[in-house]
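Take a look at the structure set out below.
The values are calculated or read from the model by the stated rules, or taken from the named source; none is laboratory data. Bear in mind that the values here come from a model prediction, so they are computed numbers and not experimental data. Using ideal geometry, Cβ is built from the backbone for each residue, glycine included, and neighbour counts are taken over all protein chains shown.
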Amino acid sequence: MTLEVASKRHTHDPAARSGPPGREPLSPEIVELTALRLRVIADPTRIVLLEALSEGEGAVCELADRTGLSHQITSHHLLVLHQAGILTRQREGKLARYGMADWSAWWVVEQIARSAEPSVAGTA
């Protein structure tokens, strides 16, 4: 899709929009939230954390141990994922347990990773 076509799809003129029949175009708010979440998951450390969380929720210390990351780095990246609405956080005393709130973020990562595997295999 060209930039011109993309910009027409997000105008307020229904005649200028194209897309699947019966589906409303994405609102500007949804476009911004989608872009934010894609920027958030486009970080190697956060991808590693999402993979660990795909196997089950955990506290910062548990996730740091599972991933080999420092507690400080793990805590920071979990907070970013939580603020973007991708993770849940539940307090248990002084500990915070994180889990998936939006599995579609992991699905996107997994799909891109699987499609990249042949490229990586070809360079080995």
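So for the stretch 102-119 (the condition being surrounded by 12 or more Cβ atoms within 10 Å (Cβ to Cβ) and basic (K, R)), does at least one residue qualify? Checking the stretch 102-119: not a single residue is surrounded by 12 or more Cβ atoms within 10 Å (Cβ to Cβ) and basic (K, R). When T88, T74 are checked against the criterion of being at negative phi, modelled with pLDDT of 95 or more, assigned to a strand (DSSP E or B) and β-branched (V, I, T), T88 stands alone in meeting it.
When you look at L79, is it of a type in the set (A, V, I, L, M), surrounded by 15 or more Cβ atoms within 10 Å (Cβ to Cβ) and out of contact with any Ser or Thr (no Cβ under 9 Å at 6 or more places or on another chain), yes or no? Yes, satisfied. Those residues that are among the charged types (D, E, K, R) and either surrounded by fewer than 14 Cβ atoms within 10 Å (Cβ to Cβ) or touching a helix residue (DSSP H, G or I) at 6+ places or on another chain (Cβ under 6 Å) (or both), I need them from the stretch 38-62; list them, please. Once the filter is applied, which keeps residues that are among the charged types (D, E, K, R) and either surrounded by fewer than 14 Cβ atoms within 10 Å (Cβ to Cβ) or touching a helix residue (DSSP H, G or I) at 6+ places or on another chain (Cβ under 6 Å) (or both), the stretch 38-62 yields R39, R46, E55.
Of the residues making up the stretch 63-73, those that are under 22 Å from V109 (Cα atoms) and surrounded by 12 or more Cβ atoms within 10 Å (Cβ to Cβ) are L63, A64, D65, R66, T67, L69, I73.
Could you check G85 against (1) touching a residue at least 12 places away in the same chain (Cβ under 8 Å); (2) surrounded by 15 or more Cβ atoms within 10 Å (Cβ to Cβ); (3) within 18 Å of T45 (Cα to Cα) and say which number it fails? Every condition holds for G85 apart from (2).
Among the criteria (1) out of contact with any strand residue (DSSP E or B) (no Cβ under 6 Å at 6 or more places or on another chain); (2) in a helix (DSSP H, G or I), the one H82 does not fulfil is (1). Given the options L79, L69, L50, name the one that is closer than 21 Å to A113 by Cβ, of a type in the set (A, V, I, L, M) and without any contact (Cβ under 8 Å) to a residue 40 or more places away in the chain. None of the other options fit; the residue is L69. What single numbered condition from (1) assigned to a helix (DSSP H, G or I); (2) at pLDDT below 95; (3) not hydroxyl-bearing (S, T, Y) fails to hold for A96? A96 satisfies every listed condition except (1).
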